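*Asks:* This is the structure I have questions about; it appears just below.
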Amino acid sequence: MLNVERIRADFPALARQVHGKPLVFLDSAASSQKPVQVLEAMDRIYRECYANVHRGIYAFSEEATLAYESARDKVASFINAPFREEVIFTRNTTEAINLVAYAWGRSHIRPGDRILLTQMEHHSNIVPWQLLAQEKGAELIYLPITDDGLLNLEQLDNLLDDRVKLVAFTLMSNVLGTINPAKEIIQKAHAVGAVVLVDAAQAVPHLPVDVQELDCDFLAFSGHKMCGPTGIGVLYGKEALLQEMPPFLGGGDMIRRVEWESATWNSLPWKFEAGTPAFVEGVGLGAAVDYLRGIGMEAIAAHERELTAYAMERLGSLPGLRIVGPPAHQRGGVVAFTFRDIHPHDLAHLLDLEGVAVRAGHHCAQPLHRRLGLTATVRASFYLYNTHQEVDRLVEALEQAAKALGR
Amino acid sequence: MSDFYREHILDHYAHPRNWGRLKNPDIVADSDDPSCGDQVHLELALDEGGRVSQVAFEGEGCMVSMASASIFTEYLRGKSLEDLERLTEEEVLALLDAPIPPSRRRCALAPLVALRAGLQAYRR
């Protein structure tokens, strides 16, 4: 059991009042709040040893470099990457996926090749592949979902053949909450020779993730959803793949030697980190990893499972409330729903007036919403700092909203 | 809680004015907000002097966009094309007579977006 009261004391923003009511923050799937440990780690760099990293021959630069590169070690250990060189810092999940689509995709995808995605992907795991497929004359195919919001795995065997060169899927859906059977999908994809990218933007912040156990080729996630700052994300890639890939962005730091007409590349991971990196944010992400590990990912996942089950039970008891996605035991801490005939934007607005912060819209998954027959949903998402009382506040606010609108 | 959702907003949402289509519209316009699926379809007919003689709208969306569109259509009748060209966002928000937070401005301005698209097409 988590000591949630003690955890909440680490997050200054959670103590705020909104519209005269104590804040109930239920939008961590979009971006999480930050503990003081992360803020202080970044503040320390700016105050005590701020200087550009790599190659600075003086104490400040060496200290900043050490802090940044040790954050890479922390991240590598957190996801159990075999080598630190396999952890590339990017801006976020989106950039990490685009990096693979650009650098790996452009050199490996040929006309007629297939890229297999699923119907529950975030736009960031659809659009980069559309751009690649359009450029290369490749074809996108989608693994369908069931009406319960699970992947239709029976279809997987039919869709997988040697035309499929890449499989990209989310480990946990940002709308349905579904936690996908990643190991099984990866094994089957590898059996036909496909490379696999896992979108772990929702998974790494909330669940123990082990890239060696998954045996994925690429895995992408963002710092800002896991108590870290914005502007820093991670691409994990198997060393052999990263070695043979051409660079993504060109510029300083990613080169070994530059001639007038050509250049050679720096070694991993810096080959993919052109320009001054977000090293203060990198240090912040390292501090976030320390923070989450100090509490324990198993304990965090268990807390969220319990809270999600409670929320689904309470929400499910409201007449006219429809939850999308699978039952609690098959999902993480994300609950998207519609309520009577109230438009999700109106609902989110009324909840906000009660201090309850939720997200309303398509959550960057328009094709999925069309598949569900909806234009928009309201989404409540939970993290280590959320409580049962906050779920109760959500339910009360929904009841009040319905009353206010005479619905 | 219901401070924003004042009675006149609820009323326009439940009973939209000028709902439907015109027989011979001079200006036809659509606004599509991909972020929330709000859609406003606006039709205007002009008299010989170039003033709005008939207005109709249909749409689908949140209460703010639908109420705003309904209130907007009442305002448009009798206005000249020049009046419509000059219409500002702030004027449209003022018609609602309710506090609109920044996150809802796009909903409230959906009918203006439609009108501007329609005027542009009409001028061509």
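*Asks:* Do you know which residues across segment A:146-175 are more than 19 Å from A:Val192 (Cα to Cα) and surrounded by fewer than 19 Cβ atoms within 10 Å (Cβ to Cβ)?
*Replies:* Matches in segment A:146-175: A:Thr146, A:Asp147, A:Asp148.
*Asks:* Looking at segment B:63-74, which of its residues are in contact with a Leu (Cβ under 9 Å, 6 or more places away or on another chain) and either surrounded by fewer than 17 Cβ atoms within 10 Å (Cβ to Cβ) or within 14 Å of another protein chain (Cβ to nearest Cβ) (or both)?
*Replies:* Result: B:Met63, B:Val64, B:Ser65, B:Ala67, B:Ser68, B:Ala69, B:Glu74.
*Asks:* Scan segment A:43-57 for residues that are over 29 Å from the mean Cα position of the chain (by Cα) and open to solvent by 60 Å² or more (accessible area, probe 1.4 Å) and jot them down.
*Replies:* Result: A:Arg47, A:Glu48, A:Arg55, A:Ile57.
Every residue, every condition in (1) in a helix (DSSP H, G or I); (2) open to solvent by 10 Å² or more (accessible area, probe 1.4 Å); (3) away from chain B (no Cβ under 14 Å), yes or no:
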residue: A:Thr338; (1), (2), (3): no, yes, no
residue: A:His349; (1), (2), (3): yes, yes, no
residue: A:His363; (1), (2), (3): no, yes, no
residue: A:Arg370; (1), (2), (3): yes, yes, no
residue: A:Gln389; (1), (2), (3): yes, yes, yes
residue: A:Glu396; (1), (2), (3): yes, yes, no
residue: A:Ala402; (1), (2), (3): yes, no, no
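*Asks:* What is the one condition in (1) out of contact with any strand residue (DSSP E or B) (no Cβ under 7 Å at 6 or more places or on another chain); (2) crowded, with 16+ Cβ neighbours inside 10 Å; (3) in contact (Cβ under 8 Å) with a residue 24 or more places away in the chain that A:Glu69 does not satisfy?
*Replies:* Status for A:Glu69: all satisfied but (3).
*Asks:* Do you know which residues across segment A:78-105 are in contact with a helix residue (DSSP H, G or I) (Cβ under 7 Å, 6 or more places away or on another chain) and surrounded by fewer than 20 Cβ atoms within 10 Å (Cβ to Cβ)?
*Replies:* Of segment A:78-105, the ones in contact with a helix residue (DSSP H, G or I) (Cβ under 7 Å, 6 or more places away or on another chain) are A:78-90, A:93-94, A:97-99, A:101, A:104-105.
Those that are in contact with a helix residue (DSSP H, G or I) (Cβ under 7 Å, 6 or more places away or on another chain) and surrounded by fewer than 20 Cβ atoms within 10 Å (Cβ to Cβ): A:Asn80, A:Pro82, A:Phe83, A:Arg84, A:Glu85.
*Asks:* Continuing with the same structure: Return a yes/no flag: does segment A:313-320 have any residue that is away from chain B (no Cβ under 14 Å), acidic (Asp, Glu) and part of a helix (DSSP H, G or I). Show your work before the answer.
*Replies:* Quick first cut of segment A:313-320, residues away from chain B (no Cβ under 14 Å) only: A:313-320.
Narrowing further to those that are acidic (Asp, Glu): A:313.
Checking which are part of a helix (DSSP H, G or I) leaves us with A:313.
For segment A:313-320, residues away from chain B (no Cβ under 14 Å), acidic (Asp, Glu) and part of a helix (DSSP H, G or I): present.
*Asks:* Assigned by TED's automatic domain parsing to the domain that holds A:Gln17 and either open to solvent by 30 Å² or more (accessible area, probe 1.4 Å) or under 25 Å from A:Leu150 (Cα atoms) (or both): which single residue out of A:Val356, A:Val334 fits that description?
*Replies:* On the way: A:Val356 fails: either open to solvent by 30 Å² or more (accessible area, probe 1.4 Å) or under 25 Å from A:Leu150 (Cα atoms) (or both).
Going through A:Val356, A:Val334 in turn, the sole match is A:Val334.
*Asks:* A follow-up question, please. So for segment A:127-145 (the condition being at pLDDT 95 or above, part of a loop (DSSP other than H, G, I, E, B) and open to solvent by less than 10 Å² (accessible area, probe 1.4 Å)), does at least one residue qualify? So that I can check it myself, show each step before the final result.
*Replies:* If we filter segment A:127-145 for residues that are at pLDDT 95 or above, which is where we start, we get A:127-145.
Imposing the further condition that a residue be part of a loop (DSSP other than H, G, I, E, B) reduces the set to A:137-138, A:144.
Okay, now just the ones that are also open to solvent by less than 10 Å² (accessible area, probe 1.4 Å), so none.
No, the conditions are met nowhere in segment A:127-145.
*Asks:* Something else about it: Which residues, counting only those in segment A:295-309, are crowded, with 16+ Cβ neighbours inside 10 Å and without any contact (Cβ under 8 Å) to a residue 12 or more places away in the chain?
*Replies:* A:Glu306 - this is the single residue of segment A:295-309 that is crowded, with 16+ Cβ neighbours inside 10 Å and without any contact (Cβ under 8 Å) to a residue 12 or more places away in the chain.
*Asks:* Which one of these does A:Ile115 not meet: (1) part of a helix (DSSP H, G or I); (2) surrounded by 22 or more Cβ atoms within 10 Å (Cβ to Cβ); (3) β-branched (Val, Ile, Thr)?
*Replies:* (1)
*Asks:* Please state which one of B:Asp47, B:Asp38, B:Asp30, B:Asp83 is among the acidic types (Asp, Glu), touching a residue at least 40 places away in the same chain (Cβ under 8 Å) and away from chain A (no Cβ under 14 Å). Step through it out loud before you land on a result.
*Replies:* On the way: B:Asp47 fails: touching a residue at least 40 places away in the same chain (Cβ under 8 Å); B:Asp38 fails: away from chain A (no Cβ under 14 Å); B:Asp83 fails: touching a residue at least 40 places away in the same chain (Cβ under 8 Å).
Exactly one of B:Asp47, B:Asp38, B:Asp30, B:Asp83 is among the acidic types (Asp, Glu), touching a residue at least 40 places away in the same chain (Cβ under 8 Å) and away from chain A (no Cβ under 14 Å), namely B:Asp30.
*Asks:* Look at segment A:372-387 and say how many of its residues are touching a strand residue (DSSP E or B) at 6+ places or on another chain (Cβ under 7 Å), part of a loop (DSSP other than H, G, I, E, B) and surrounded by 22 or more Cβ atoms within 10 Å (Cβ to Cβ).
*Replies:* 1
*Asks:* Shifting gears a bit: Identify the residue in segment B:86-104 that is surrounded by 18 or more Cβ atoms within 10 Å (Cβ to Cβ) and assigned to a helix (DSSP H, G or I) and, among all such residues, is farthest from the other protein chains (Cβ to nearest Cβ).
*Replies:* Once the filter is applied, the top-ranked residue is B:Val92.
The values are calculated or read from the model by the stated rules, or taken from the named source; none is laboratory data. Predicted model only: the values in this text are computed from it and were never measured. Using ideal geometry, Cβ is built from the backbone for each residue, glycine included, and neighbour counts are taken over all protein chains shown. Surface accessibility is based on the protein's heavy atoms, side chains included, excluding ligands, DNA and RNA. Shrake-Rupley method; radii C 1.70, N 1.55, O 1.52, S 1.80 Å.
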